[in-house]
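The values are calculated or read from the model by the stated rules, or taken from the named source; none is laboratory data. Because the structure is predicted, anything quoted here is derived from the model rather than measured. Quick reminder, even Gly has a Cβ in these numbers, built from the backbone with ideal geometry, and neighbours come from all protein chains shown.
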Amino acid sequence: MKDYLIISTSLELLRVPMSDIIYISSDGNYSSIVLANGETRMVTMQLGQIEVLLSSQAHSNDVKFVRVGRGFIINCEYVFFINLTKQQLVLSDGRLATHTLTASKDALRNIKLMFENDMK
């Protein structure tokens with residue numbers, strides 16, 4: 001069963017399969033949700049509010065989201081490359097596009113360690 005992120009405002013409803021979300025970026029009181037099909041949706045919610053929704057609406061462990069610093073929430077399934085020196089995180093769906101994000105070395109180190117621990 002797919003888990004969906006559902007964001008409802010007084011004028012709109014957004015319902016997206018969580019597995020289709022590559023990452024979510026912060027822009028003040030707004031957040032942009034970047035999807036695997038290339039589409040981006042802007043919503044009037046702060047990143048922290050979306051983080052709470054993701055954890056409350058996820059019923060399975062199929063999709064794992066991680067907060068990367070103050071600016072991003074990423075779907076771990078799309079992590080392709082991490083470079084600590086250049087402070088780069090590359091997310092890829094393996095087909096259409098890659099997304100290069102800049103994050104702190106500490107945030108990237110934590111994601112790298114998380115993957116290394118999962119391998120053990």
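At-a-glance table
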{"read-out": "Search result, residues across the stretch 1-47 that are touching a helix residue (DSSP H, G or I) at 6+ places or on another chain (Cβ under 9 Å) and either of a type in the set (S, T, N, Q) or at positive phi (or both)", "value": "Ser19, Ser25, Ser26, Ser31, Asn37"}
{"read-out": "Candidates Ser10, Ser92 - the one that is among the polar types (S, T, N, Q), surrounded by 14 or more Cβ atoms within 10 Å (Cβ to Cβ) and modelled with pLDDT under 95", "value": "Ser92"}
{"read-out": "Selected residue (criterion: surrounded by the fewest Cβ atoms within 10 Å (Cβ to Cβ)) from residues of the stretch 39-70 that are farther than 26 Å from Ser10 by Cα and not charged (D, E, K, R)", "value": "Asn61"}
{"read-out": "Every pair of residues 6+ apart whose Cβ atoms lie under 6 Å, when the first sits in the stretch 1-24 and is over 24 Å from Arg95 (Cβ atoms) while the second is aliphatic (A, V, I, L, M) and assigned to a strand (DSSP E or B)", "value": "Ile7/Leu14; Ile7/Val43"}
{"read-out": "Checklist (1) hydrophobic (A, V, I, L, M, F, W, C); (2) within 16 Å of Val34 (Cα to Cα); (3) modelled with pLDDT under 95 applied to Met119, failing item", "value": "(2)"}
{"read-out": "Only listed residue being among the β-branched types (Val, Ile, Thr) and closer than 23 Å to Lys2 by Cβ, chosen from Ile33, Ile82", "value": "Ile33"}
{"read-out": "One residue from Thr100, Thr85 being more than 19 Å from Val63 (Cβ to Cβ), in a strand (DSSP E or B) and not acidic (Asp, Glu)", "value": "Thr100"}
{"read-out": "Of residues in the stretch 55-82 being under 24 Å from Gly28 (Cα atoms) and small (Gly, Ala, Ser), the one farthest from the chain's Cα centre (by Cα)", "value": "Ser56"}
{"read-out": "Restricting the stretch 27-38 to residues that are surrounded by 13 or more Cβ atoms within 10 Å (Cβ to Cβ) and of a type outside the set (A, V, I, L, M), the residue that is nearest to Val79 (Cα to Cα)", "value": "Ser32"}
{"read-out": "Conditions (1) buried (at least 17 other Cβ atoms within 10 Å of the Cβ); (2) in a helix (DSSP H, G or I); number of the one not met by Ile73", "value": "(2)"}
{"read-out": "Pairs where the first residue, in the stretch 89-112, is β-branched (Val, Ile, Thr) and the second is modelled with pLDDT of 95 or more and assigned to a loop (DSSP other than H, G, I, E, B), C-beta under 8 Å, 6+ apart", "value": "Thr102/Gln87"}
{"read-out": "Where a residue in the stretch 60-77 is under 12 Å from Gly48 (Cα atoms) and without any contact (Cβ under 8 Å) to a residue 40 or more places away in the chain and its partner, wherever it lies, is aliphatic (A, V, I, L, M) and buried (at least 16 other Cβ atoms within 10 Å of the Cβ), with Cβ under 6 Å and at least six apart", "value": "Arg67/Ile73; Gly69/Ala103; Gly69/Ala107"}
